[in-house]
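Encoded as structure tokens, the structure appears first; notes follow it.
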Amino acid sequence: MRRSTMVALVGVDGSGKSTQARALARRLTSAGVPAVYLENAGGRPLWNRLAQAVGRRDGVHLFGRRCYPLLEATVRWLALARAVAVTRLTGRVGVMDRWTWCQYVIMRARGDRGVRLVRAAYVVFP
């Protein structure tokens, strides 16, 4: 596999990470550096919409306090794995709107269990 270059913007939800990551990928490409924006979301908006459709307040209330963090961390793991694969296979710079630290922080902020397990699963990422 090729060596890959990745840029990850980190910050709290709503801080503009995705907007800035898209803009950076466009600017790099315009400057002759092939780049791609890669979203690394955990699925919260989707789970919340699904929950509301079935009469629950949000994803946590749909899946439970124990299952929800596992679901979110798994979806994000898959997104991160895809991002790493795309950058390595294409040789483009990957510009991402989150990285592993974002998952650790949200789990700690919510008081979720399983942060050590998630860290162990995420150790495969550079």
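None of the figures in this text is laboratory data; all of them are computed from the coordinates on show. Only a predicted model underlies this, so the values are computations on that prediction, with no experimental measurement involved. Heads up, the Cβs are rebuilt from the backbone with ideal geometry, glycines too, and the neighbour counts pull from every protein chain shown.
Side notes on the structure shown:
- For the range 66-84, taking the residues that are more than 14 Å from the chain's Cα centre (by Cα) and of a type outside the set (D, E, K, R), the one that is surrounded by the fewest Cβ atoms within 10 Å (Cβ to Cβ) is identified as C67.
- For first residues located in the range 31-42 and loosely packed, with under 14 Cβ neighbours inside 10 Å, partners that are in a loop (DSSP other than H, G, I, E, B) and of a type in the set (G, A, S) and lie 6+ apart or on another chain with Cβ distances below 8 Å form the pairs P34/G91.
- T90 of a type in the set (S, T, N, Q) and under 14 Å from M6 (Cβ atoms): yes
- Scanning the range 85-106 for residues that are crowded, with 19+ Cβ neighbours inside 10 Å and part of a helix (DSSP H, G or I) yields T87, T100, C102, Q103, I106.
- Looking only at the range 107-126, and only at residues there that are among the small types (G, A, S) and either without any contact (Cβ under 8 Å) to a residue 24 or more places away in the chain or in a loop (DSSP other than H, G, I, E, B) (or both), the one that is surrounded by the most Cβ atoms within 10 Å (Cβ to Cβ): G114
- Single match in A51, A31, A23, A8 (criterion: closer than 21 Å to L89 by Cβ and among the small types (G, A, S)): A8
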